[in-house]
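So the structure is just underneath, and the comments pick up after that.
The values are calculated or read from the model by the stated rules, or taken from the named source; none is laboratory data. Since this is a predicted model, take the numbers as computed values, not measurements. So basically every Cβ, Gly included, is an ideal-geometry build from the backbone, and we count neighbours across all protein chains shown.
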Amino acid sequence: MPYIFGGILLAVSVFLPGISASAEEPNASSTAVTQTTSPITREQIPGSDIQLGDFVVGPGKAEVVVRPGETVYKEITVTNRIDNNRSFQFHVEDMSGSADGSEAVVLLGDQNGPYSLKDYVSVPESTITLGLGERARIPVKITMPPNAEPGGYYGAVLVSTLQTDEDNDGSIAQSPIIARIGTLFFITVPGETSRESSLVSFATVNNQWWFTKGPVPLGLTYENKGSIHLNPYGEVRVTNMLGNEVGYVELDPWFVLPKSIRTRDITWTSEFLLGRYTITASVNRGYDNQIDTKAIHIWVIPWQLLIGVFAVLFVIIFVFRWFFNKFEFKRK
């Protein structure tokens, strides 16, 4: 059964009390490659309060250009902040995008992906043991075959940790994997590739057109029909009934894998709103400066305001009717 994760952080497969995992947030456009043939190196992280009950893997995402027949190395790090003498395992899996836009990435387990990478990636050791506060630097080897076709190859180097506990009779029992995170690898073999994409839809959540107040939740659905991943980016602008701009949301680059759909959720956070608004999304496809634009319209009418207005009108009408019924005006 595939493991699924969103964004650039892998989902935790199993959690046990007191243990958590996290990943270092990378720059999505980072393409720096560490050229090294050195084995795993270790260092002690500074600070006294380092037992935080988790471990850290970084970077979360690595974009690397590798030519056919070339070997490069990309360094990842694993930092132990759980306890002393913690063992970590490494495993490589292929990944693909989601067909319905619900997830950024789907890990494929033992299956080969449509743009398989796992046969071209390796680490020096399958298991390492780290002391508390110790960080390991692992050179991940990426070797593309001489006949590699141009395009994208996608996989993940996963890091898992195991916990051992003494059972009642004093023997050591191995527990299941409690957490796994890792680094996503986006490998590009240069050459002629197919790039075709579009902004499929832009709407409020559940296509809601009437709101009583902000914030307003929005969603963008983007489809990549090409053979290489894309990093679209853009902006969302909001104008009121007079045409004045009253809101702006910047869309930082996000990745969309080939032959997949990805939905991105955003929020316009203004609180006090009243009237009709036009919300326009402009998304740069990430190549050839092509921009897709879609606009929607919403109404924001606070129900408390409506009740107050109707209450005031009711009181005014009642007072006028009472006044004219109570007093008779005669012309002199």
Which of the residues belonging to the range 106-115 are surrounded by fewer than 18 Cβ atoms within 10 Å (Cβ to Cβ) and over 14 Å from L158 (Cβ atoms)?
Q111, N112, P114
Check whether at least one residue in the range 116-127 is of a type in the set (D, E, K, R), surrounded by fewer than 20 Cβ atoms within 10 Å (Cβ to Cβ) and modelled with pLDDT of 95 or more, and report yes or no.
yes
Answer yes or no as to whether S98 is part of a strand (DSSP E or B) and at pLDDT below 95.
no
Those residues that are buried (at least 19 other Cβ atoms within 10 Å of the Cβ), more than 29 Å from N84 (Cβ to Cβ) and either acidic (D, E) or in contact with a Pro (Cβ under 6 Å, 6 or more places away or on another chain) (or both), I need them from the range 133-146; list them, please.
M144
Is one or more of the residues making up the range 53-63 in a loop (DSSP other than H, G, I, E, B), under 22 Å from the mean Cα position of the chain (by Cα) and surrounded by 15 or more Cβ atoms within 10 Å (Cβ to Cβ)?
yes
Hey, can you tell me all the residues within the range 178-212 that are in contact with a Ser or Thr (Cβ under 7 Å, 6 or more places away or on another chain), within 30 Å of F90 (Cα to Cα) and not in a strand (DSSP E or B)?
I178
Residue list for the range 70-95, restricted to those being of a type outside the set (S, T, N, Q), farther than 16 Å from V121 by Cβ and not in a strand (DSSP E or B):
I82, D83
Taking interchain pairs and intrachain pairs at least six residues apart, which have beta carbon atoms under 9 angstrom, with the first residue in the range 102-126 and free of Cβ contacts under 8 Å to residues at least 24 places away in the same chain and within 15 Å of E149 (Cβ to Cβ) and the second aliphatic (A, V, I, L, M) and part of a strand (DSSP E or B)?
D119/V92
Only one residue in P124, P114 is touching a Pro at 6+ places or on another chain (Cβ under 6 Å) and either outside any strand (DSSP E or B) or under 19 Å from P139 (Cα atoms) (or both). Which one?
P124
When the range 59-95 is checked residue by residue, the ones that are aliphatic (A, V, I, L, M) and at pLDDT 95 or above are A62, V64, V65, V66, V72, I76, V78, V92, M95
From the residues in the range 213-239 that are of a type in the set (A, V, I, L, M) and assigned to a strand (DSSP E or B), which one is surrounded by the most Cβ atoms within 10 Å (Cβ to Cβ)?
L220
For the structure I just gave you, tell me whether A136 is within 23 Å of L230 (Cα to Cα), in contact (Cβ under 8 Å) with a residue 24 or more places away in the chain and under 26 Å from the mean Cα position of the chain (by Cα).
no
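For the range 101-111, what are the residues that are outside any strand (DSSP E or B) and of a type in the set (A, V, I, L, M)?
Restricting attention to the range 101-111, the residues satisfying the condition of being outside any strand (DSSP E or B) are 102-104, 108-111.
Listed by number, the residues that qualify are A104, L108.
Does L130 fit the bill of being within 17 Å of S160 (Cα to Cα), touching a strand residue (DSSP E or B) at 6+ places or on another chain (Cβ under 9 Å) and crowded, with 16+ Cβ neighbours inside 10 Å?
yes
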Taking only pairs six or more apart or across chains, which ones have beta-carbon atoms under 6 Å, a first residue in the range 264-293 that is modelled with pLDDT under 95, and a second residue that is among the charged types (D, E, K, R) and surrounded by 14 or more Cβ atoms within 10 Å (Cβ to Cβ)?
Y287/R195
Residue check, V157 against (1) surrounded by 21 or more Cβ atoms within 10 Å (Cβ to Cβ); (2) over 21 Å from D54 (Cβ atoms); (3) modelled with pLDDT of 95 or more, all met but one. Which one?
(2)
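Report, by residue number, each residue of the range 139-158 that is in a strand (DSSP E or B) and either without any contact (Cβ under 8 Å) to a residue 60 or more places away in the chain or under 22 Å from N224 (Cα atoms) (or both).
G151, G152, Y153, Y154, G155, A156
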